[in-house]
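Visitor: Would you mind keeping the following structure in view while I ask a few things?
The values are calculated or read from the model by the stated rules, or taken from the named source; none is laboratory data. Note that the coordinates shown come from a computational prediction; the quantities given were computed from them, not determined experimentally. Here the Cβ is made from the backbone with ideal geometry for all residues, glycine too, and neighbour counts use every protein chain on show. The protein model used for the area step is the full one, side chains on, heavy atoms only, and it has no ligands, DNA or RNA in it. Shrake-Rupley method; radii C 1.70, N 1.55, O 1.52, S 1.80 Å.
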Amino acid sequence: MQPFTDPAAVARYGDETPRKVPGFADLQRMAMLLLAEHAPGAADILVLGAGGGLELKVFAQAQPRWRLLGVDPSAQMLDLARDVLGPLGSRVDLLEGYVDDVPAGPFDGAACLLTLHFLARPERLRTLGQLRARLRPGAPLVVAHHSCPQEGRLARWLARSVAFAGDGRADPAKVSASAALMADRLPVLSVAEDETLLAEAGFSDIALFYAGFTFRGWVALA
């Protein structure tokens, strides 16, 4: 979690993340719409890995009757979320911690964006199971994170994501080196493995709704 405790990295987060993730603003809006399909008008929505507050702001602006709980282990990122939310923060509770620290709910929906690729397979499965346990039956979960679209070609696909985040003129050798470092440090799973984990955690009606180089997004029901 070091990048999310470094003050300079935290300060850059709001500007850098939309540049790194294809269609970032649309991803957030799609997540909101998918949650709204099943959540009641006055819904309790859980956002795991909410530091930075970007999706919390989108959700709060679009759904004025939602009550949001944003959870993140980084106090610095939660401070950023407070600044990003501004007056909208009156409808958002922020909790420093992990999924185990989340109240039992049940929640009417949950989102976990750009977070699960930091977790190794066993912890990812456990986290998904803990999310499932906190959702009412039939409630939606929206997730999006790095996922490898081709077995054995993670470094190639990560290099494409790295190049996308740049200005298109990056040194290919540096792009490859950065991608190799990401592949070594991030426990990125294949698309098939990600879908299998959702099913093993107790979710059904699993559907892909978003794809951008190595990023994939799914919606599933508890």
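Visitor: Taking ASP79 as meeting all but one of (1) open to solvent by 50 Å² or more (accessible area, probe 1.4 Å); (2) in contact with a helix residue (DSSP H, G or I) (Cβ under 7 Å, 6 or more places away or on another chain), write down the number of the exception.
Guide: The single condition ASP79 does not satisfy is (2).
Visitor: Quick check on my filter: what residues within the range 86-108 are of a type in the set (Phe, Trp, Tyr) and part of a strand (DSSP E or B)?
Guide: PHE107
Visitor: So, one more: Quick one: would you say ALA199 is farther than 26 Å from ASP26 by Cβ, open to solvent by 20 Å² or more (accessible area, probe 1.4 Å) and either of a type in the set (Phe, Trp, Tyr) or not in a strand (DSSP E or B) (or both)?
Guide: Judged against the criteria, ALA199 is a match.
Visitor: Shifting gears a bit: Going through the range 96-106 one residue at a time, which ones are out of contact with any helix residue (DSSP H, G or I) (no Cβ under 6 Å at 6 or more places or on another chain) and open to solvent by 20 Å² or more (accessible area, probe 1.4 Å)?
Guide: Scanning the range 96-106 gives TYR98, ASP100, ASP101, PRO103, ALA104, GLY105, PRO106.
Visitor: Residue by residue through the range 108-143, note down the ones that are among the aromatic types (Phe, Trp, Tyr) and more than 12 Å from the chain's Cα centre (by Cα).
Guide: Across the range 108-143, there are no qualifying residues.
Visitor: Every residue in the range 176-187 that is open to solvent by 20 Å² or more (accessible area, probe 1.4 Å) and either not in a helix (DSSP H, G or I) or not polar (S, T, N, Q) (or both), please.
Guide: Those that are open to solvent by 20 Å² or more (accessible area, probe 1.4 Å) and either not in a helix (DSSP H, G or I) or not polar (S, T, N, Q) (or both): ALA177, ALA180, LEU181, MET182, ALA183, ASP184, ARG185, LEU186, PRO187.
Visitor: Please work out which residue is most open to solvent (accessible area, probe 1.4 Å), limiting yourself to the range 121-161 and to residues that are at pLDDT 95 or above and part of a loop (DSSP other than H, G, I, E, B).
Guide: Checking each candidate, the answer is PRO137.
Visitor: So which helices (runs of 4 or more DSSP H) are wholly in the range 1-82 and hold at least 3 residues that are under 23 Å from LEU221 (Cα atoms) and not small (Gly, Ala, Ser)?
Guide: Filter on the range 1-82 gives 24-38, 54-62.
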